[in-house]
1. Search segment 224-246 for residues being of a type in the set (Gly, Ala, Ser) and over 23 Å from Arg313 (Cβ atoms), and hand back the single one that is modelled with the lowest pLDDT.
2. Looking only at segment 27-78, count every residue that is closer than 30 Å to Leu7 by Cα, polar (S, T, N, Q) and not in a loop (DSSP other than H, G, I, E, B) and tell me the total.
3. Out of Arg144, Arg149, Arg137, report the one residue that is farther than 19 Å from Phe42 by Cα and touching an Asp or Glu at 6+ places or on another chain (Cβ under 8 Å).
4. Could you please give the count of residues in segment 109-133 that are over 18 Å from Val92 (Cα atoms) and surrounded by 18 or more Cβ atoms within 10 Å (Cβ to Cβ)?
5. All but one of (1) in contact (Cβ under 8 Å) with a residue 12 or more places away in the chain; (2) buried (at least 17 other Cβ atoms within 10 Å of the Cβ); (3) in the same structural domain as Pro155 (by TED's automatic domain parsing); (4) among the aliphatic types (A, V, I, L, M) hold for Leu106; state the number of the condition that does not hold.
6. Determine which member of the set Ala274, Ala251, Ala290, Ala264 is in contact with a strand residue (DSSP E or B) (Cβ under 8 Å, 6 or more places away or on another chain), modelled with pLDDT under 85 and not polar (S, T, N, Q).
7. State yes or no: is Phe81 farther than 21 Å from Leu37 by Cβ and surrounded by 15 or more Cβ atoms within 10 Å (Cβ to Cβ)?
8. Test Val20 against the criterion of being surrounded by 15 or more Cβ atoms within 10 Å (Cβ to Cβ), touching a Ser or Thr at 6+ places or on another chain (Cβ under 8 Å) and without any contact (Cβ under 8 Å) to a residue 60 or more places away in the chain, and give yes or no.
Amino acid sequence: MVLWQRLRGYRDVQVGNKKVQQQFYDETEKVSAHLGLVFARFLKGAAQLELRVAGVPVEPWDPFLCAHPSVRRLPVESLPFEGHVVTVQPFVLPGLQRLSSQEAALAAGPRGWLRQQGFYVYRRNRLILSGSWLGLRGMPREERYNLARVVVDIPAETDSQWQVDVRKATVVPPVALRGHLRRIAQMVRTSAADTVRTRGQIAARQHGGNLAFAWNVRRDNGKISCRINRKHPLVKGVLEDGGGEPARVKALLRLLEETVPVPALRVLHETDTADDPEPFGGAGEADQQAVEVAQQMFDVLVSQGRSPEEARRVIRTTQPFDQLRGFWTI
């Protein structure tokens, strides 16, 4: 057992100094998170190591979400190096839309998404370096690569070649391995960016029918444009009516407000976020405002000669009503 007591700078914690106590508790959270990252393999492995900070057990942190069904493990590579083997395992984490708020916060880690992407170098199951592209040329941190994380296991016998210092806090990749590490990094970064891009394309539903979306988003010759879909039934109904029906105009404006194409714009800029707005509060039972907009669409479609059942079918396949329940799903 190793027990740390009487830490320098915190002797006043137990004598009622509230300011020092708060500083101490803030530090304990940081220390606990750090230990949970560095010694995660020991905490959850066969070693059955137990760590406590201020009496609270330290929870291991898994940067790779190994237990999540949507995490992607790219092929493991074994790189021979001076009579030893360096093992590299790339991971592409699930997009934020596939994670609960708790899972997303956990995956972000102690330093946040941007600073946790990159290589995680382990030596005898102890983490030495986390969230770094190891100074490889042309490997800056960018939001589109937030889902890319790579495990590197190095043999203890190669400490000098990796320039592992006494504190085991830094590493420098050997010249002989940098080409392989750069190749692997490029592969996992591309895969992570593709995951973000694909998620955004699905969210934008760019391949839906002409009636499906109130907005059309395009990128031509490097320029992004957002246009209101003139073929959308509610838009078409207002245009043909000449703006003479206030309830219909109000419904159209509400629809446009609720379906601003934020996900499509994000993917065209190759970034991702968990706080994209969801039309009418998200999937589930439609609220009164959504029902009113859908009713106006229904009236327009029927006035254009469609049967009630066909009108409901069109609404069921129109964003955002394809994610909501209402009279059109009955």
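1. Residue satisfying both the conditions and the ranking: Gly243.
2. So the answer is 2.
3. None of the others qualify; the one that does is Arg144.
4. Residues that pass the stated criteria total 5.
5. Among (1) in contact (Cβ under 8 Å) with a residue 12 or more places away in the chain; (2) buried (at least 17 other Cβ atoms within 10 Å of the Cβ); (3) in the same structural domain as Pro155 (by TED's automatic domain parsing); (4) among the aliphatic types (A, V, I, L, M), Leu106 violates only (2).
6. Ala264
7. So Phe81 passes the test.
8. no
The values are calculated or read from the model by the stated rules, or taken from the named source; none is laboratory data. Keep in mind it's a predicted model, so treat the numbers as computed, not measured. We place every Cβ from the backbone using ideal geometry, glycine too, and count neighbours over all the protein chains shown.
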